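Undergrad: Following this message is one structure expressed as structure tokens.
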Amino acid sequence: RRHLQHEATPPSKIPEFAFAFDIDGVLVRSSDPLPRAHKALSYLQSQRIPFILLTNGGGKHESERVADLSSKLDIPLDTSMFVQSHTPFADMHEYKEKTVLVMGGDEDHCRIVAERYGFKTVVTPGDIFTAYPAVWPFSQQILEHYKSFSRPLPKPILPNEPENSLKIDAVFVYNDPRDWGLDIQILQDVLLSHQGILGTWSNKNGKSAYRNKGFQQDGQPPLYFSNPDLLWAAKYHLPRLGQGGFREAFEGVWAALTGGPSAGVELQKVVMGKPHEPTYRFAEKRLIAHRNDLNKGVGGELDLLKRVYMVGDNPESDILGGNSYKSPNGTDWASVLVQTGVYMEGTVPAHEPRMVVGDVYDAVQWAVAQEG
Ligand code: G3P
Ligand code: MG
């Protein structure tokens, strides 16, 4: 196979193909860069082959994570080539003036991201727990930790004065919750409340509603998950539970409380992130814009983007998403599965990739050879 030579002079035109790289399990394992990630990306940059990073991860603002990854991988990166799980939340302007509950991530980093996206009133489970420690009896031993970064609630919880009580208008899970117990309890309180008013219990949501002849929502606030991953590749050698694990745990509690799907009480939710189509459409727009930017530096006619190689480690998100995405521009998305993350070498992947390779450098080598 052709070796990846850093040609002295990069091509005069931006090629007709590009890459979308998953991050965890492809470029890094938690904070450790994978051995040949730098080599793969620096080759692409030397050849003006466009790429973006497309991750179900998150937890910090795009600018922060990009700076972090850029130094870890020793590769110049900017936010125009970076899509993470909660990036699309920044465009959900209808909630910017409302009161939103933001869940997940370290301390209150995700609150800060939401505020940088323009959300004016952001509440976290830590804020509620700090204001009302009795809300979750089993996290008292880390109450001091929560106090160190929580903020006063915009309104108190007054069950007897619903009109003056804290009301949650929407819930966003930005990243993996750290305290599943507290977060499941708070999420249950919000979703089974009357109209999102904390401290109330609606007899119109959940099983009781079902017993009252039919499940009808009592203004249950919308619930957005940013990442479906049941498993992901962290530093440990075996895959770890991700945000999808938290959601499944919550769905178990929801079913026990309300009867759940088998009783016709489906949890009303929106799950975003790979493999879902809106995420790939969002990513393709970003990639095309980034490729156009690259071309500004070169000039001349830019041919249509013919193919995107989606390089990932998780068959359920990267490969399924890459295989099922139908580009409105007719761009062919070719999924490439690496063996440095969730996928275990020698097993049959749940979704058939265009190609299976060892690591990200092999993926680039194979794709470049395909393009001739
Ligand atoms: O929380 C991160 C994990 O879900 C996987 O991220 O980069 O493999 O899509 P990534
Ligand atoms: Mg991954």
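Here, each number is a calculation from the coordinates, and none is a lab measurement. Note that this is a predicted model, so its numbers are computed, not measured. Counting neighbours? That spans all protein chains shown, and the Cβs are built from the backbone with ideal geometry, glycine included.
Undergrad: Between their Cα atoms, which of 96/167; 60/120; 96/326; 274/306 are more than 24 Å away from each other? Don't jump to the answer; show the numbers that get you there.
TA: Working: 96/167 15 Å; 60/120 18 Å; 96/326 31 Å; 274/306 21 Å.
Correct reply: 96/326.
Undergrad: While we're looking at this one, here's another question. Where the centre of each part is set by its Cα atoms, how far does the range 67-96 sit from the range 135-199, in angstrom?
TA: 27 Å
Undergrad: Using 0.36 nm times the number of residues separating residue 371 and residue 5, minus their current alpha carbon distance, what extension gain do you get?
TA: Values: separation 366, 0.36 × 366 = 131.76 nm, distance 1.48 nm.
Here the answer is 130.3 nm.
Undergrad: Search the structure for amide H atoms under 5 Å from the amide H of residue 271, placed 1.01 Å from N in the peptide plane, and list their residues when 5 or more places away or on another chain.
TA: It is 225, by chain and number.
Undergrad: Follow-up question, since we're still on this one. For the range 1-152, count all C-alpha to C-alpha pairs, find those more than 28 Å apart, and express that count as a whole percent of the total. Walk me through the numbers before you get to the answer.
TA: Details: 4434 of 11476 pairs.
Value for the range 1-152: 39 percent of Cα pairs lie more than 28 Å apart.
Undergrad: How high is the FRET efficiency between residue 235 and residue 145 when r is their beta carbon distance and R₀ equals 22 Å, given to the nearest 0.05? Display every interim value, and only then the final one.
TA: Numbers: r = 23 Å, r/R0 = 1.02.
Approximately 0.45, to the nearest 0.05.
Undergrad: OK, next. When only C-alpha pairs under 8 Å and at least 6 residues apart count, what is the relative contact order of the chain, in percent? Spell out each step's value before the answer.
TA: Details: 728 pairs, mean separation 71.5, N = 372.
Here the relative contact order equals 19 percent.
Undergrad: Right, here's the next one. Using only Cα atoms, find the angle between the long axis of helix 37-46 and the longest principal axis of the chain, and express it within 0 to 90 degrees, rounded to the nearest 10.
TA: Long axis of 37-46 versus the principal axis of the chain: about 60 degrees.
Undergrad: Cβ under 13 Å from residue 139's Cβ, residue 139 left aside: what net charge do those residues give with Lys, Arg +1 and Asp, Glu -1? Please report the intermediate quantities before stating the final value.
TA: Details: positive: 147, 178; negative: 144, 179, 183.
Net charge in that neighbourhood comes out at -1.
Undergrad: Also, I was wondering about something else. Rank-order 166-178, 105-117 by packing density, defined as the average count of other C-beta atoms within 10 Å over each peptide's residues, highest first.
TA: Result, highest mean first: 166-178, 105-117.
Undergrad: Taking every DSSP beta bridge with both residues inside the chain, roughly what % is antiparallel (nearest 5)?
TA: If we restrict to bridges inside the chain, about 15 percent are antiparallel.
Undergrad: Listed highest first by mean packing, meaning other Cβ atoms within 10 Å per residue, what order do 88-100, 292-304 come in?
TA: Values: 88-100: 15.8, 292-304: 11.5.
Answer by packing, highest mean first, reads 88-100, 292-304.
Undergrad: Specify the angular offset, from 0 to 90 degrees and rounded to the nearest 10, of the alpha carbon long axis of helix 243-258 from the longest principal axis of the alpha carbons in the chain.
TA: Result, in degrees: 30.
Undergrad: Let me ask you something else. If you fit an axis through the alpha-carbon atoms of helix 180-191 and take the longest principal axis of the Cα set of the chain, what angle between them do you get, 0 to 90°, nearest 10?
TA: 60 degrees
Undergrad: With each pseudo-label sitting 7 Å past Cα toward Cβ, what's the residue 13-residue 92 distance in nm, one decimal?
TA: Result: 4.2 nm between the two label points.
Undergrad: Could you order the peptides 153-165, 269-281 from most to least packed, using the average number of other C-beta atoms within 10 Å per residue?
TA: Details: 153-165: 13.6, 269-281: 18.9.
Ranked by mean Cβ neighbours within 10 Å, highest first: 269-281, 153-165.
Undergrad: Given the -39500 (n - 2.57) contribution per DSSP H run of 4+ residues, what per-residue ellipticity at 222 nm results for the chain, rounded to the nearest 500 deg cm²/dmol? Display every interim value, and only then the final one.
TA: Working: 11 runs with 114 residues, N = 372.
Dividing the helical sum by the residues of the chain leaves -9000 deg cm²/dmol.
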